[in-house]
Structure formats: C-alpha cells, structure tokens
Amino acid sequence: MGEAQQRAKRLAKIAKFSQPMNPARFDLFSIGARLAYVRLLSDELSCWSDPEERVLGLVFRDRVDNDFGWVLFARDKIGRFRCSDIHASIQTQPRATEALRERIARAVEEGDFVALGDQGDETNYPIDLLRVPDGTDPAVLHPYFKLLIETPGREPARAVFKEIGPWLTPSDPHFVKEFQRSAFDQRLWELYLWASFRELGFDIEQPEAPDFLCSAPGITFTVEATTTAPSTSGVLAEHPNPKTPEEMRAFLADYMPMKFGSALTSKLHKKNKNGENYWERGKTANKPFIIAVADYHKPSSEEELGSMTYTQSALWPYLYGHRIEFEIVDGELITRAVKNEFHTFGDKTIPSGFFDLPGAENVSAVIFSNAGTLAKFDRMGVIAGFDLEDHRYLRYGLRQNPDPNVIHGIPFSEEVTADGYEEFWSDEL
C-alpha cells in the first residue's frame, strides 16, 4: 500500500473520533483558559472536539515563527477545560489539523479523561453558581435567581453559568450566596464584567478590593463594580415613572444623574480600615482605577422595560457636567455643549460633573453596559449551541446610526441562533 493510501486510511480511521466545533461554543468552554500573552503570539485557526466533547482541540499559527501547532484541552478535576497537551513547529495548517485529530483520537481510545485533565493545582471546592445548598428555604432565593434555575427557557444561561463558575476566584466567601439571594443584580454585573474582560484578552485576578485586577502585556488596571439599586428612603424613593417625552427628559436630566452619582461617589470616597481609597490598596495600588456602573434601580416587568435599557443617556451628562442641545437647520444637525451646574430632584441637589469632584483625578474611567442581564447570558448560551428546540430567542433594540444628521438609532429585530448570528460579551460595553 502506497504512502498516500496509508495516510487516507489513517485519516478515515481518526475522522470518526473528532469533528469541527462551533467557535462560540469553544470560546465558552475555554473562557478562562487563554493567557493574555498567548493571544499576542498566535492566531487561532480552527476548533475541534470529540463527538461527546470530552476533549477539545485548537489549531493555531505561531506569529513569531510563522508555523503551526495544536493544543488539546481536557476538563480538570473541578470541570474547567485547560491545556493538557500541546505541539508546535508544524510546517502547514493541514498537517497541524491532522496531528490534532490524531491526538484527539488517541485520547478517546485511551479513555482516561480524568488523568488527562489533571493539573495538580485544582481547588477542593469549585464555585457552583447554580447549586442551592440542601435545606435552603425557597423563600430566601432572589426572584430572578428562581427564574434562572426554574424556567425551562433559561437553559442557555444555565449552561453559561455552569462553565464560568469554576473559573471564578472571588475573595468574598459570600459571592454565591449573595448571587442566589440578596444581591443577584450586583453579582450578575460582576459576572458579566468578568466574561467581558476575559473576552477582551485580559488575565484576571479577583482581590478583596477592587473587584478585578486585569492585566495583559503592556497594560494593567483595576476595576470596582457598582450598581444603582432601588431607593427605599429619601427623596429618590419617590420614583417619577415618566410617561411622556417631557417627563422622560426631566427624569434623565435630574433623577438618574443623582442615582448614578450616588453609586459613583460612594466608591470614590470609600476607604478601608487603614484609610486607603481603592487606588491605594495593596498590589492594586498606583494602577489605573476604573469604576464600572450598571443601572438596576428599577426591575423590568411584563408592562415595562428595565430601566437600564434607556438610562445610559443620563450618565455622561453627569460625568462631564455638560449636556448636549441640538437642532436641525436646513437638514443639518447642529449641536452645542451646555454646562450643567446642578441636578435637582425634589428638595435634593447635587453638583454635576463627577470628573470635576475632588479625588476623581484618581479615576481613569467609568464604564457602563446595559447588557448585564439574564437575556445576555441566554444569548451567549444560544450562540454556543445550548438553545432549546421548542424555544425561540429574539433580540430587538436600536443600533448606532452612522448618519451624522440623525438623532435616532436604527431599529433592529433579530432571531438569536447558533448559526448566522454573532454577538460578543463586550459589544455593549
């Protein structure tokens, strides 16, 4: 038998052990596996798995040597897909792909996936975001958490939380308990940020405070997450519930800047027992410090959208102490910046301009997203192939309009599927 025939026979034999993999699904399974510097040194070319997804494979190009290689991933003892074998310096992509598929076939034939994935550094108690401790009174669970674990259509989100959980290393021992009970929104926001920063290529540590220490070659920064919550006392407890355009403009001009201001200034002024601000603490000291804020001050309902869908336009006028006034003149949009001095609601007044406050020079940025939601986790699960046959997932809203003379976004409505639809964690950040 000639060499070509032998190779064809070998390829036919190993083909049954491996198959191409949806890149979005591979990204979810390997969400914590990539180191930041590896992203700079290589290009990812194709993803593979065995039919039962017990091992994964990646073919890559080495940007330095301009040759190819492969990586084999297996789950470690706490369920994370991590590198278990690697080979480089292969001359062509087809040869690298063939070698990877042979390695997957060998792993399947050997069948010892536990030994293959053992890293020797696993923790004894991995984080499981969805497991409710035995004996827990259902009445103490947050209503959104109950929706997550009990609603059949939330299966895509549950699949995502299952993969993310074992990667987390929060210093707060109450993280899971708070996610399930009293602080669901706040913890959901942190989970969204973790996934976004990982997608953007950063290695992440979770110190006691700030919440994240993010690093990649050439850059390190820290992030403290905060949220606006429903006000239960004081003047802001009298939520205006705007109905008309005029009421909405007033709501966004005064009430919401106060809500954002309360969340942001509390982080700006907070000190620990040693009198240190966030940007002065331990290994995170003297690094660029970011506050990440999301709006959960009013929950969604069947009758109304959640507040975060329309309040982002109130954030930047507070941050910079200016609002934009506009008019259309002969078909051209004319804008001008107007200084905000204060924001007033009821008998309460605060100064405008967060970045003008004493101490704010230590805040490098404020970041925001309106996508720290269960719907986002559902969509990321759907594109990874965890959709349900008897469910459809739809997304609608407004996209940025590139026309410089318009004031409204472009409406869209799309069905979210594993094929033909693309979305990333950080799209809305």
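Scan segment 150-200 for residues that are in contact (Cβ under 8 Å) with a residue 40 or more places away in the chain, under 23 Å from ASP137 (Cβ atoms), open to solvent by 10 Å² or more (accessible area, probe 1.4 Å) and assigned to a helix (DSSP H, G or I) and the total you get is 5.
Somewhere in segment 415-427, is a residue modelled with pLDDT under 95, farther than 30 Å from PHE179 by Cα and either among the basic types (Lys, Arg) or out of contact with any helix residue (DSSP H, G or I) (no Cβ under 6 Å at 6 or more places or on another chain) (or both)? Yes; the residues of segment 415-427 include at least one that is modelled with pLDDT under 95, farther than 30 Å from PHE179 by Cα and either among the basic types (Lys, Arg) or out of contact with any helix residue (DSSP H, G or I) (no Cβ under 6 Å at 6 or more places or on another chain) (or both). When GLU122 is tested against (1) of a type in the set (Asp, Glu); (2) assigned to a loop (DSSP other than H, G, I, E, B); (3) open to solvent by less than 30 Å² (accessible area, probe 1.4 Å), only condition (3) is not met.
Summed over segment 130-149, residues that are without any contact (Cβ under 8 Å) to a residue 60 or more places away in the chain and either open to solvent by less than 50 Å² (accessible area, probe 1.4 Å) or not in a helix (DSSP H, G or I) (or both) total 11. Among residues of segment 80-103 that are closer than 20 Å to GLN6 by Cα, those with a beta-carbon under 6 Å from a residue that is open to solvent by less than 30 Å² (accessible area, probe 1.4 Å) and among the polar types (S, T, N, Q) at least six positions away or on a different chain give the pairs ARG101/SER18.
Matching residues to (1) in contact with a strand residue (DSSP E or B) (Cβ under 6 Å, 6 or more places away or on another chain); (2) crowded, with 17+ Cβ neighbours inside 10 Å; (3) closer than 30 Å to PRO152 by Cα:
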| position | (1), (2), (3) |
| --- | --- |
| ARG281 | no, yes, no |
| SER300 | no, no, yes |
| THR344 | no, no, no |
| ASP356 | no, no, no |
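Yes/no matrix, rows are residues, columns are (1) buried (at least 19 other Cβ atoms within 10 Å of the Cβ); (2) part of a helix (DSSP H, G or I):
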position	(1), (2)
ARG7	no, yes
ILE31	yes, no
PRO51	no, no
ARG61	no, no
GLY69	yes, no
LEU72	yes, no
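Checking ALA237, ALA216 one by one, the residue that is at pLDDT 95 or above and among the small types (Gly, Ala, Ser) is ALA216 and no other.
Search segment 385-414 for residues being open to solvent by 80 Å² or more (accessible area, probe 1.4 Å) and part of a strand (DSSP E or B), and hand back the single one that is nearest to GLY153 (Cα to Cα). Checking each candidate, the answer is LEU394. Going by the conditions given, is ARG336 within 30 Å of SER196 (Cβ to Cβ), assigned to a strand (DSSP E or B) and open to solvent by 80 Å² or more (accessible area, probe 1.4 Å)? No, not satisfied. Look at GLU302 and say whether it is at pLDDT below 95 and charged (D, E, K, R). Yes.
Taking segment 220-246 as the range and being free of Cβ contacts under 8 Å to residues at least 12 places away in the same chain and touching a helix residue (DSSP H, G or I) at 6+ places or on another chain (Cβ under 9 Å) as the test, the residues that pass are ASN241, PRO242.
The values are calculated or read from the model by the stated rules, or taken from the named source; none is laboratory data. Please read these numbers as outputs of a predicted model, since none were measured by experiment. All Cβ positions, glycine included, derive from the backbone under ideal geometry; neighbour counts span all protein chains shown. Note: accessible area is taken over every heavy atom of the protein model, side chains too, but ligands, DNA and RNA are not part of it. Shrake-Rupley method; radii C 1.70, N 1.55, O 1.52, S 1.80 Å.
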